[in-house]
Amino acid sequence: MKYEAVIGLEVHAQLLTDSKLFCGCSTKFGSDPNTQVCQICLGMPGVLPVLNRKAVEYAVKMALAVNCKVNHKSVFARKNYFYPDLPKGYQISQYNEPLTEKGFLDIDLEAGRKRIGITRIHMEEDAGKLLHGEGIEDANYSFVDLNRTGVPLIEIVSEPDMRTSEEAQAYLRALRDILVYLEICSGNMEEGSFRCDANVSIRPVGAEKLGTKAELKNMNSFKFVKEAIDYEIQRQIDIVENGGKVVQETRLFDSAKGITASMRSKEEAHDYRYFPEPDLLPLFVEDKLIEDCRSKLPELPQQKRERFISEYGIPAYDAGVLTATKELAHYYESVVKATGEPKLSSNWIMGELLRLLKEDNKDVKDCPITPEAIASLIEMVKKGEISGKMAKEVFEDMYKTGKAPAEIVKSKGMSQISNEDELGKIIEGIIAANPENAERYRAGKVQLMGFFVGETMKATKGQANPGVVNKILKQKLG
């Protein structure tokens, strides 16, 4: 029997507000433990939460970007559970009446475009963080850092529309790209500002009834999301084919072993006992706020990719790489504006610039080479002032020193020799020094052209223009 997987994702994205969702504490990442807390986020008796307007605006922006309906009325609820990193004993979230719902996101796959439904996007506050194990002062204890408590989150819940780990990965990347383009989330999975849980089940191909699902947690990279889902699909298939039954449970992914392991079963699952948050009035979002947010939406990644393909005529792969971030897309367009060469610009940025940035673990906004400098280098190659091989050497020097290409070429004496009279004399000398090879070439051993090109490049220390060299050699050798 053949099986298909049914996958839905629940994504938590921390919003890039300066203060927390219901108090004025800082949301800055990396501060000393428990230094960014107050009576409100610590849940002291008698304190009252006050909603962060900026967080609402950010949530509305994301909703509009993924085609969700924004509800004019939504209600915050208490989600009750007890855990060491939750000081109040409950989390303020949304349940029956979320801020937004019924949206979709189109993802691009090798087989074409696929639409993934979005059930809802709701707002909630983050919990704290437990620190334990290696690297902690005393490995026998767990420590609680409550700095993250109260940081604003949106939870984006998809429909179970994905069938493979590749689709899940593509959907997750597309969501992250939008959040980063909107500048409402850093998208950093390692820091926990962008987190994902996956609900995975299997069923016979063609069946409509859903199978029993397992919820996967603890996946902090796109690579681990794919590995965890692939492992879980095969685990469930093996259970069913061996006559067993999949049980509903929460499972953790062990990235070191590449496996999922049971965390708790359905019987141990929390009963959250949701009820409306008594300290917060219902949230009413007016049409004016929605339209203000809509008017501030930037060109989104998919729109930008499609425009790059149609306007610049570059391949879809190039467009995908160059629109990975707003900064990179802007950098590329600046180079194209200066050169008028979309594909050449793409080649230099994707081939040389991104390689050097990756080696240094830098972002394009920290790049020492300006778009104008790349444009100047491309122009020098087009004019034949330097060869493509020389240009790569010059590019590395530009990256290391920040100097202009013309300055580097001049200081190193790298100007390309394109003068036909000058090269003609050099080539005549080489032919005269190698009469036997010249005769063999004329007799039909045309592969000896490479020998003469190599000798010419050696004689000019690599500075001869290859195109001019080939032209003159063909003339001189007859």
*Select, from Asp238, Asp230, the only residue that is of a type in the set (Asp, Glu) and closer than 26 Å to Asp106 by Cβ.*
Asp230
*Among the residues of the range 1-24, which ones are more than 29 Å from the chain's Cα centre (by Cα) and assigned to a loop (DSSP other than H, G, I, E, B)?*
Met1, Lys2, Phe22, Cys23, Gly24
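For every residue, the table says whether it meets (1) surrounded by fewer than 22 Cβ atoms within 10 Å (Cβ to Cβ); (2) among the hydrophobic types (A, V, I, L, M, F, W, C); (3) more than 30 Å from Lys209 (Cβ to Cβ).
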site	(1), (2), (3)
Ile7	no, yes, no
Gln14	no, no, yes
Lys20	no, no, yes
Glu57	yes, no, yes
Cys68	no, yes, no
Tyr83	yes, no, yes
Asp106	yes, no, no
*Gly192 versus (1) crowded, with 19+ Cβ neighbours inside 10 Å; (2) on the phi > 0 side of the Ramachandran plot: which is the lone unmet condition?*
(1)
_Test set (1) out of contact with any Asp or Glu (no Cβ under 9 Å at 6 or more places or on another chain); (2) more than 22 Å from Glu183 (Cα to Cα); (3) in contact (Cβ under 8 Å) with a residue 60 or more places away in the chain; (4) buried (at least 17 other Cβ atoms within 10 Å of the Cβ) - Pro49 fails condition number_ = (1)
*For the range 452-470, which residues satisfy the criterion of being under 12 Å from Ile427 (Cα atoms) and touching a residue at least 12 places away in the same chain (Cβ under 8 Å)?*
Phe452, Val453, Glu455, Thr456, Met457, Ala459, Thr460, Ala464, Val468, Val469, Asn470
*Out of all the residues in the range 26-61, which are assigned to a loop (DSSP other than H, G, I, E, B) and more than 19 Å from Asp279 (Cα to Cα)?*
Thr27, Lys28, Phe29, Gly30, Ser31, Asp32, Pro33, Asn34, Thr35, Gln36, Val37
*Which residue out of Gly444, Gly450 is modelled with pLDDT of 80 or more, out of contact with any Ser or Thr (no Cβ under 7 Å at 6 or more places or on another chain), loosely packed, with under 12 Cβ neighbours inside 10 Å and outside any helix (DSSP H, G or I)?*
Gly444
*Inspect all residues belonging to the range 99-109 and state whether any of them is in a loop (DSSP other than H, G, I, E, B) and either modelled with pLDDT of 95 or more or over 27 Å from Gln36 (Cα atoms) (or both).*
yes
_Among the residues in the range 433-443, are any among the hydroxyl-bearing types (Ser, Thr, Tyr) and over 30 Å from Glu379 (Cβ atoms)?_
yes
*Phe143 versus (1) without any contact (Cβ under 8 Å) to a residue 60 or more places away in the chain; (2) surrounded by fewer than 16 Cβ atoms within 10 Å (Cβ to Cβ); (3) over 22 Å from Met62 (Cα atoms): which is the lone unmet condition?*
(1)
_Tally of residues being touching an Asp or Glu at 6+ places or on another chain (Cβ under 9 Å) and basic (Lys, Arg) across the range 379-397_ = 2
_Any strands (runs of 3 or more DSSP E) falling wholly within the range 114-214 and containing at least 3 residues that are at pLDDT 95 or above, outside the structural domain of Ala329 (by TED's automatic domain parsing) and of a type in the set (A, V, I, L, M)_ = 152-158, 194-204
*Would you pick out the residues in the range 443-478 that are of a type in the set (A, V, I, L, M) and closer than 21 Å to Glu385 by Cβ?*
Val453, Met457, Ala459, Ala464, Val468, Val469, Ile472
_Residue among Leu289, Leu300, Leu283, Leu322 that alone is in contact with a Ser or Thr (Cβ under 7 Å, 6 or more places away or on another chain) and under 24 Å from Ala55 (Cβ atoms)_ = Leu283
*Could you identify the single residue in Phe275, Phe253 that is surrounded by 15 or more Cβ atoms within 10 Å (Cβ to Cβ) and in contact (Cβ under 8 Å) with a residue 12 or more places away in the chain?*
Phe253
_Lone unmet requirement of (1) of a type in the set (S, T, N, Q); (2) assigned by TED's automatic domain parsing to the domain that holds Gly340; (3) over 44 Å from the mean Cα position of the chain (by Cα) for Thr460_ = (2)
*For the subset of the range 282-313 comprising residues that are aliphatic (A, V, I, L, M) and in contact (Cβ under 8 Å) with a residue 40 or more places away in the chain, which member is nearest to Arg113 (Cα to Cα)?*
Leu300
_Within the range 85-104, take every residue that is within 27 Å of Glu183 (Cβ to Cβ) and of a type in the set (A, V, I, L, M, F, W, C) and give me the one that is surrounded by the most Cβ atoms within 10 Å (Cβ to Cβ)._
Leu99
_Within the range 26-40, take every residue that is buried (at least 21 other Cβ atoms within 10 Å of the Cβ) and under 30 Å from the mean Cα position of the chain (by Cα) and give me the one that is nearest to Leu281 (Cα to Cα)._
Thr27
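The values are calculated or read from the model by the stated rules, or taken from the named source; none is laboratory data. Being a predicted model, the structure only gives us computed values, none of them experimental. Please note: Cβ atoms are built from the backbone with ideal geometry, for glycine as well, and neighbour counts cover all protein chains shown.
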